[in-house]
1. Are any residues in region 53-107 of a type in the set (Ser, Thr, Tyr) and over 8 Å from the mean Cα position of the chain (by Cα), and if so, which ones?
2. How many residues are touching a residue at least 40 places away in the same chain (Cβ under 8 Å) and polar (S, T, N, Q) when one looks only at region 88-126?
3. Residue by residue through region 1-39, note down the ones that are at pLDDT below 55 and in a loop (DSSP other than H, G, I, E, B).
4. State all residues of region 103-122 that are open to solvent by 40 Å² or more (accessible area, probe 1.4 Å) and either within 22 Å of Glu46 (Cα to Cα) or not acidic (Asp, Glu) (or both); if no residue qualifies, say none.
5. So which residues in region 68-97 are among the charged types (D, E, K, R) and open to solvent by 70 Å² or more (accessible area, probe 1.4 Å), if there are any at all?
6. Just one of (1) of a type outside the set (Gly, Ala, Ser); (2) in contact with a Ser or Thr (Cβ under 9 Å, 6 or more places away or on another chain); (3) surrounded by 18 or more Cβ atoms within 10 Å (Cβ to Cβ) trips up Val100, so point out which.
7. Does region 81-90 contain any residue that is assigned to a helix (DSSP H, G or I) and either at positive phi or touching a Phe, Trp or Tyr at 6+ places or on another chain (Cβ under 8 Å) (or both)?
Amino acid sequence: LVSARDSRAAEEAIAMGFEKEIEANRDLALRAGQVQDAIDALLTVERTARLAGDIPGTTEVCVAIVKICHDANQWTLLNENIQLLSKRRAQLKQAIQGIVQEATKWVDEQPDKAKKLELITTEVCA
């Protein structure tokens, strides 16, 4: 039998692995300008976490993906990834909640009213 302590240690090890992936891909996106490549790599990590049922890991990776879009000022890509992540098969509700909470902070940063409405609409449909 696996003890609760062993289970917690395994979860923490998984989360630490995602943290390294997230940081490496954030650097790739923001320093090298390869935003889509970084997102594609993180989508693979997200899938692994989601299918493993790792709620904190999935949420962390999903929020990292939308943060990369935001930090790169890629507003269309932000909306696309919010939709993509929220519509994925068996997506965890906590991950969707984390994405929407994070994206809500950026509504006022949108360059114009049309972009604000687009982001709000995307969040509502998530």
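1. Within region 53-107, Thr76, Ser86, Thr104 qualify.
2. Number satisfying all stated conditions: 2.
3. Answer for region 1-39, where residues must be at pLDDT below 55 and in a loop (DSSP other than H, G, I, E, B): Leu1, Val2, Ser3.
4. Thr104, Lys105, Pro111, Lys113, Ala114, Lys115, Lys116, Leu117, Ile120, Thr121
5. Asp71, Glu80, Lys87, Arg89, Lys93
6. (3)
7. No: zero hits.
The values are calculated or read from the model by the stated rules, or taken from the named source; none is laboratory data. If you're wondering where the values come from, they're calculated on a predicted model, not measured in any experiment. As a convention, Cβ positions derive from the backbone with ideal geometry for all residues, glycine included, and neighbour counts pool all protein chains shown. These accessible areas exclude ligands, DNA and RNA; they are computed on the full protein's heavy atoms, side chains included. Shrake-Rupley method; radii C 1.70, N 1.55, O 1.52, S 1.80 Å.
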